[in-house]
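Following: one structure in structure tokens, then a few remarks.
What follows is calculated from the coordinates using simple rules that are stated; it is not laboratory data. Just so you know, these numbers come straight off a predicted model, no measurement behind them. Positions of Cβ are generated from backbone atoms using ideal geometry, with glycine treated the same way; all protein chains shown enter the neighbour counts.
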């Protein structure tokens, strides 16, 4: 094999590796779709099937963790190192919103009965959702 061809092949492999690294980094920066109806909730293990109330985060290892209810995500996050990225599914439009800046409404019949849904017309901040979920857990123990 000629030296020019070896350099070209090495350069191509290096570019491919760099491109894969960029794609891998970017995947943790965006919400992804779970396998609806087959992906277990990272907290309660129930299948994530109702798109209106789903949530997800990227854990310390860069893995996407999916939840059937925003309340499950809150409980999963409790006591762990803060995650950089977390999303809640907007219940009417079906888009993924930053969970910490999204607004929520209370009173929905969510899978684990925490009752919060991310809504464009919501008025409840994530911190208030977090406090309510933790209070509900303490009350049921």
Worksheet entry | Length released on extending from residue 121 to residue 10, taking residue separation times 0.36 nm less the Cα-Cα span | 34.6 nm
Response to the item:
A chain fully extended from residue 105 to residue 61 at 0.36 nm per residue, minus the present Cα-Cα distance, gains in nm 12.7 nm
Worksheet item: Kirkwood hydrodynamic radius of region 93-134 from all distinct Cα pairs, in Å?
Response: 10.4
Worksheet item: Which order results if 77, 105 are arranged by neighbouring Cβ count within 10 Å, fewest first?
Response: 105, 77
Worksheet item: Which percent of the Cα-Cα distances in region 37-129 go past 20 Å?
Response: 25
Response to the item:
Ranked from fewest to most other Cβ atoms within 10 Å of their own Cβ, 11, 141 fall in the order 141, 11
